[in-house]
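First up is the structure itself, then whatever we jot down about it.
The values are calculated or read from the model by the stated rules, or taken from the named source; none is laboratory data. Owing to the predicted nature of the structure, the values given are computational and were not obtained by experimental measurement. As a convention, Cβ positions derive from the backbone with ideal geometry for all residues, glycine included, and neighbour counts pool all protein chains shown. Note: accessible area is taken over every heavy atom of the protein model, side chains too, but ligands, DNA and RNA are not part of it. Shrake-Rupley method; radii C 1.70, N 1.55, O 1.52, S 1.80 Å.
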Amino acid sequence: MPAVIIFFHLRPIETPSVPAEDRYTVSSLAIPNCYRLVVRYGYNDEIITPNLANTITQQVRRYLIARTCDQADLPTCTPDTITNKSHASSVQRSTTSATGESSTADGGRYDASLARLEDAYSHGVIYITGKEQMKIKKSKNYFRKIVLWIFLWIRENTRAKIASLGLETEKVIEVGFLKDI
C-alpha cells in the first residue's frame, strides 16, 4: 500500500483568533501522495486536539474534493457525492485486485487519491517530528558561556514540548540533530 505523507506546519499569527475559513491551507507537492497543510492560528485558538489526525485528514479530503469539483466542473458536485464515489471505487479496486485483474479507478486520479487517503488513515498514523538541540562549545570566554546557557535555558523552557501535543508515544518518531554553538 502506498503511503500518504502530509507535512503539517503551524504558523502562529499575532491575532486572538483566525476564522475557520482562513485557518487551513492545503497544497499538493510534486511527490505523489504528498501534501502540505499549513495551519494559521491565533494565540487564543486551540489547534492541537486529541483528534488531530482526523482534522488533518478532513482538511486534505476537502482539498481533494475541491480539486475534483474544479476539474469535473459539475453542478452537482458535493463532498458527499465525491466521497461516496471515491469509496465505491476503493471497494471496486480492492475486489478486482483480489481476483487478479488490473485495477483501475473509475473516477480518475483524484478519486484514487481520496481512496488512498482513506485507506492510509484507516491503516494508521505516524507522527514524525523534528527537533534541534544546541550545545555550548568549550571555550574560555565565560561571559559567552553564561549568556548562551541563559538563552538555551529560556528557549528550552518556553517552547512547546512534543508531550504537550497529547499524541500517543508509540506513534511519534522524533528526528533531530545536535549543534555546537
Local net charge near residue 42, Cβ-Cβ under 11 Å (Lys/Arg +1, Asp/Glu -1): -1
Rounded to the nearest 10 Å², the accessible area of residue 113 at probe 1.4 Å: 10 Å²
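Give me the net charge for the shell around residue 15: Cβ to Cβ below 10 angstrom, other residues only, Lys and Arg +1, Asp and Glu -1. Please report the intermediate quantities before stating the final value.
Values: positive: 40; negative: 14, 45.
In short, -1.
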So, with points 7 Å from each Cα along the Cβ direction, the residue 157-residue 145 label distance in nm works out to 2.0 nm
Residues whose built amide H sits under 5 Å from the amide H of residue 127, excluding neighbours closer than 5 in sequence, are 172, 173
